[in-house]
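Working notes, structure below.
Read the figures in this text as sums done on the coordinates, not as results from a lab. Keep in mind it's a predicted model, so treat the numbers as computed, not measured. A quick note on method: Cβ atoms are made from the backbone with ideal geometry, for glycine too, and the neighbour counts reach across all protein chains shown.
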Amino acid sequence: MYIKKLNIGNVELENNILLAPMAGVTDLSFRKICKKYGNPGLVCTEMISSKGLYYNDKKTEQFLELNEEKRPIAIQIFGSDSEVMGEATKKVESYADIIDINMGCPAPKVVKNGDGSKLLLNLELIYKIVKQTVKSTDKPVTVKIRTGWDAENIVAVEAAKAIEDAGAKAITVHGRTREQYYSGQVNLDLIKKVKETVKIPVIGNGDIKSASDAIKMFEYTGVDGIMIGRGILGEPWKIGDIISELQGNTDIKDKTPMEKFEIIKEHLELEIKEKGEYVGIREMRKHICWYLKNLKDSSKVRQIVNQLEIKEEVIKTLEEYFNSI
Ligand SMILES: Cc1cc2nc3c(=O)[nH]c(=O)nc-3n(C[C@H](O)[C@H](O)[C@H](O)COP(=O)(O)O)c2cc1C
């Protein structure tokens, strides 16, 4: 009843539960693990600077590593210069199935340049950027927004209209303002209003951590799909569990500690393969902390792993821990 295929332009998603883009988290190896164990309908890269792409910045281009990745995939770009966004789109479109534009990032270093959620203060510019991006590619363009800049500037509905008029094929709404960052309640009323206003698919986002949260989002707002971010940290299989529960399965079993250990090892191998041991191990530290968070007596092992630099040592330490619980 809730789980459906979702069409975004000419791209058909197998299901309507999407993995949220998260800078510093949803890199290639994490997306691969999420797809293998949770099968979200769509995954998205971390946000990529349109200026970095435009100026051929090598570090920026690393985000385009999509090696052997199962499709479909969305590439998310950010920026506030419509011409640069158009040119960046031309550079990435051959890698992507969908181009997503970030209009929600609250980070000071992003908004100080007029990018991310700062765009919500300028509806004309929103229209112009989406229009130029759409013009630059045959791939469907989608946009991810917040509800507004702050409580005095709630623009979700007007922004959604501008985005649809400019030719975007779907909108994701994180139900908070920029000012709220990640605190306070997600505003489901505004997500509902956006859904009632536009004809293109609307994806609801914010604080979905369980099947019951997902049902609440679907029932209250009528959205076509949902997007989950922080709720899967340390549990990259969780989207699969939520899909299964929404399909009526009442017997979803938690992963055993040993199953978790196997997934951590696989994730670690991928991360090292993609980024090398030095960076890969450091990237994995936060993931390992999330994986171990709710396991018995894990605080000490988390501290130890945070100091380790060699793959074999990390695995040995985790093996001893998992054997002990
Ligand atoms: C660490 C982190 C990084 C994020 N990076 C991005 C990003 O690159 N692009 C984006 O559109 N949203 C980004 N977000 C926002 C999420 O995609 C999502 O909208 C938000 O976390 C709310 O959903 P959730 O409650 O399911 O996590 C990020 C969030 C977090 C926690």
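Can you put Ser82, Ser299 in order, fewest other beta carbons within 10 Å first?
Details: Ser82 20, Ser299 11.
Starting with the residue having the fewest Cβ neighbours, the order is Ser299, Ser82.
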Seminar exercise, completed: CD proxy, 222 nm, the chain: helix-only mean residue ellipticity via -39,500 (n - 2.57) per DSSP H run with n ≥ 4, per residue, nearest 500, stands at -13500 deg cm²/dmol
For this session: Grab the Cα-Cα distance for Gln185 and Gln307, subtract it from 0.36 nm times how many residues apart they are, and report the gain in nm with one decimal.
Result: 40.3 nm
For this session: Please give the helix 311-324 orientation as an angle from the longest Cα principal axis of the chain, in degrees from 0 to 90, rounded to the nearest 10.
Result: 70 degrees
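Can you work out the FRET efficiency for the pair Gln247 and Thr317, with r the C-beta to C-beta distance and R0 = 30 Å, to the nearest 0.05?
Values: r = 38 Å, r/R0 = 1.27.
Efficiency at R0 = 30 Å is approximately 0.20.
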Problem set entry | q = 0.13, 0.14, 0.18, 0.20 Å⁻¹: log10 I(q)/I(0) that the Debye formula gives for region 257-324, counting C-alpha atoms only | -0.29, -0.34, -0.57, -0.72
Exercise. Could you give me the ³J(HN,Hα) list for region 123-128, computed from phi with Karplus coefficients 6.51, -1.76, 1.60 and θ = phi - 60°, whole Hz, x at Gly and Pro?
Worked result: 5, 5, 5, 4, 4, 5
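So for each of 306-319, 49-62, 261-274 I average, over its residues, the number of other beta carbons within 10 Å; can you give me the resulting order with the highest mean first? All intermediate terms of the calculation are to be shown ahead of the outcome.
Values: 306-319: 14.2, 49-62: 16.2, 261-274: 18.5.
Most protected by this proxy first, the peptides run 261-274, 49-62, 306-319.
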Problem set entry | Residues Arg230, Arg31, sorted so that the one with the fewest Cβ neighbours within 10 Å comes first | Arg230, Arg31
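Percent of alpha carbon pairs in region 52-98 separated by more than 11 Å? Walk me through the numbers before you get to the answer.
Working: 733 of 1081 pairs.
Here the long-distance tail beyond 11 Å is 68 percent of all Cα pairs in region 52-98.
Kirkwood Rh over Cα pairs of the chain into Stokes-Einstein at 20 °C, 1.002 mPa s: D in µm²/s? The partial results should precede the final answer.
Values: Rh = 20.2 Å.
Translational diffusion coefficient: 106 µm²/s.
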Seminar exercise, completed: So the angle from the long Cα axis of helix 211-221 to the longest Cα principal axis of the chain, reported in degrees to the nearest 10, equals 10 degrees
Seminar exercise, completed: Scattering profile of region 6-84 from the Debye formula, Cα beads only, expressed as log10 I(q)/I(0) at q = 0.15, 0.22 Å⁻¹, is -0.56, -1.03
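Strictly over 28 Å apart at the Cα level, which of Lys90/Lys216; Lys70/Lys311; Lys59/Lys316; Lys144/Lys293 would you flag in this model? Could the numbers behind the result be given before it?
Details: Lys90/Lys216 38 Å; Lys70/Lys311 26 Å; Lys59/Lys316 32 Å; Lys144/Lys293 30 Å.
From Lys90/Lys216; Lys70/Lys311; Lys59/Lys316; Lys144/Lys293, over 28 Å: Lys90/Lys216; Lys59/Lys316; Lys144/Lys293.
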For this session: Obtain the nm distance between the two label points defined at Ala151 and Lys4 by a simple spin-label model: each point lies 7 Å from its Cα along the Cα-to-C-beta direction.
Result: 3.6 nm
Seminar exercise, completed: Computed over the chain: longest principal axis from alpha-carbon atoms vs helix 188-197 long axis, angle to nearest 10 degrees, is 50 degrees
For this session: Pop out the ³J(HN,Hα) list for region 162-172 in order, Karplus 6.51 cos²θ - 1.76 cosθ + 1.60 with θ = phi - 60°, rounded to Hz; leave Gly and Pro as x.
Result: 4, 5, 5, 4, 7, x, 5, 9, 6, 10, 9
